[in-house]
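Every number here is computed from the coordinates shown, using simple stated rules; none is lab data. These numbers were taken from a predicted model, which means no experiment stands behind them. With ideal geometry, Cβ positions are generated from the backbone for all residues, glycine too; neighbour counts draw on all protein chains shown.
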Amino acid sequence: MARTRTAEKPTPMHDKTRMRHRCDFCWSWGRSWILRPVLAAWAGFALLLPVATAAAAEGPVLTVVMDGSGSMWGKLGAERLAKFQVVRQGLAEALPKLPAATRVGLLAFGHRRTGCQDVEVLRAPEVGEHGRVAELLNEFNPKGRGPVTAAIQGALETMPKDGQGTILLVHDDLDNCQQNPCALMESIKAQYPRLIIHVLSIGLGHADARQMQCLTVPTNGQHYLVTTGAQIVNAIAEVTEIAARMPRPASPIARGPASAPQMPTPDGPGVHLVATLGATLPAPDLPVRWRVERLGSGEAPALQQFEGGAVTLPLPRGRYAATAEMDRLSTRQEFDVTDVPSTRMQVALQGGTLNIAALAGRANKPLDGTRFIIRSLAATGESKPAQAGATPSSWIARGPRSEVALPAGSYEIVVMLGSIRVAQEATVVAGERRAVEVRLPVGELELAAIPHEGSNRLEQVTYVIQEDDPNSPQGRREVARSAAARPVFTLPAGTYHVIATHGAVEVRDRVAIGAGEVVRRDLLLNSAEINLVSGLVSRLGSTPDEVQWRVVSIDRRDAKPVRIYGENARVTLAAGKYRIEGRFGPLNAEASRDISIAAGARENVSLTPPAARVQLRLAAEPGEAVTDIFWKVRLQNGPIVWSSTESEPVGLLQQGSYVIEVQTRQARHERVAEIRAGADRVLIVGEN
């Protein structure tokens, strides 16, 4: 039952296989506790301690193992980039989305020299700067052989033996150093019981790919057999999503069996509580809540609470009652503690679980942001919700996946994502953990904006998604908006209008998205940058109160003018022809210039108006007081351009002929003046 799959064609058998191995793992885990009751008892005593170990505070580990053999320089089909370059791109896009607590490491093999000993840890697993991990591959130069087995052994040294760990092996061939990675699995299961290994096989034949399943199947990992660059990127994105959903370390009161081998043997009596679904299926990894009550008098506290599928605690001799609860299941059972160390008691929860996953269409990709509502169906077996007055079981959960424990019966599962609502029926069987996949008719749209051909992606871009709606203004309705550097929109299948805005540049596109489809669209802006500079400082020795710029497209008459302010201003424009207009100060000083700018250009445009700095002054006799003064300046045979009540106003005037008037309580004066560009002047009015 093969678990190898391509990124585009998952088979229904994969999930059955995954569930089978998951349950096998749970059963073997439960048996190991039966064989170690004494050690487990002391682990239960540690539940009462307030101090957690350092390992419990650390996040999960993800180590990427990168193939550096010479064949990684090859290309897949018509791909433009080499295989390792596509992998680097996928890591750069996916790793920054991991939770901050995740410790990310990078190991490479075959990249420095030929031979079978070239394995190097480029980054030990650590938190922070996940996006910079891919940068370690900027100078990557595949050249050697493929010691896959030695690389996995090196990656194991970066894994916590008692914590959650993930290895992503990226390779394009089998181990060619006469080593068999499958031989490692026995020691891996013994020393790293919580390790998951995912394998990304690039361009491998199906026969060779099947050999790599010995790494993925026992560890509940995924095996991706890819043949295109898009499949590589999608597979890496899915692995990081799986790693992001890995459970965090338990709190001190919920310490599970992973801590037992580190604890000394207890001295006195106790009890080892094991929860099962139905009569036989152990559930060590489920969040069972325990309440242990002392019946009658004694030294033990009246009530103690714990969490975990199997817990161990020391108790004085006496009679107790243990209540196990999980979601909608609850069981109470009484027991006696004698002098026998760590008495084992099995508590059966009479129900099963539904492991619900919301997936995008036919793609095997979980959807974030979903909400689940589980309702019990009528006891008659009819496919309809229970009638009013009944007491149906219900449950609400959020996230791409959720496992819910319920009594045996039929249920309706309602999955909601935004305006999308999908209902599906499922049956809970006592003693079974069943997987339910609800597929939503949605796809993903990943957008990026590129300023010009050959450039990197822009970050300061606003993306707007619209859909046709005859009842909305202009026939379109906005459904999503984002200013993220690389936004990903989850949308119902359909056709959408995409608008990307950067500065004064606006690009529109129309995109069709199918159910389960991931559409990546790079929007080419063909933009350029212009730095607008006022030339007044050097020419006139004075800056105006404010500078206003107006940029008008000459090519497109329907384009709106762009207005910006400041002595030095920067504007991003689409390639084309423009008229740059500048207005300097509050008067009539202005200048304009026509330019043509190509995509990717960065130009400085300096404008200096043909104007002069002018100061107005009223001639007066010494000691004569001037009050209520009013100035008015107009173009000769033209409109008024300046008025002021200051005693000696200063301003920038465009060159030309002006009539200057001044009015006081005592008199009115007028004169004609010729203003020349660049010639600062003091104009005195009222002289004899």
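What number comes out for the charge environment of Glu478, summing +1 per Lys or Arg and -1 per Asp or Glu over other residues with Cβ under 13 Å away? Summing Lys/Arg as +1 and Asp/Glu as -1 gives 0. Which net charge results for the neighbourhood of Ala408, defined as the other residues with beta-carbon distances under 14 angstrom from its beta-carbon, given Lys and Arg at +1 and Asp and Glu at -1? Charge balance in the 14 Å sphere: +1.
Peptide packing: for 175-185, 199-209, the average count of neighbouring Cβ atoms within 10 Å per residue gives the ranking 199-209, 175-185, highest mean first. Restriction of the trypsin sites (Lys or Arg not before Pro) in segment 415-493 to DSSP coil positions whose beta-carbon has at most 14 other beta-carbons within 10 angstrom yields Arg457.
Please work out whether segment 527-607 counts as rounded, prolate or oblate from its C-alpha gyration tensor, where a ≥ b ≥ c are the square roots of the eigenvalues and a/c under 1.5 means rounded, while otherwise a/b larger than b/c means prolate and anything else oblate? Cα axes put segment 527-607 in the prolate bin. For segment 442-522, rounded, prolate or oblate, judged on the Cα gyration tensor with a ≥ b ≥ c (square roots of eigenvalues), a/c < 1.5 rounded, else prolate if a/b > b/c? Since a/c reaches 1.5 but b/c is at least a/b, the shape of segment 442-522 is classed as oblate. Taking Cβ atoms as reference points and 13 Å as the exclusive limit, the residues near Ala324 contribute a net charge of -1, counting Lys and Arg as +1 and Asp and Glu as -1. Straight Cα distances below 19 angstrom link Lys577 to the aspartates and glutamates Glu506, Glu529, Asp555, Asp558, Asp594, Glu603, with same-chain residues fewer than 8 positions distant left out. Overall form of segment 57-141: oblate. Here a/c, set by the Cα gyration tensor axes a ≥ b ≥ c, is 1.5 or more, and a/b is not larger than b/c.
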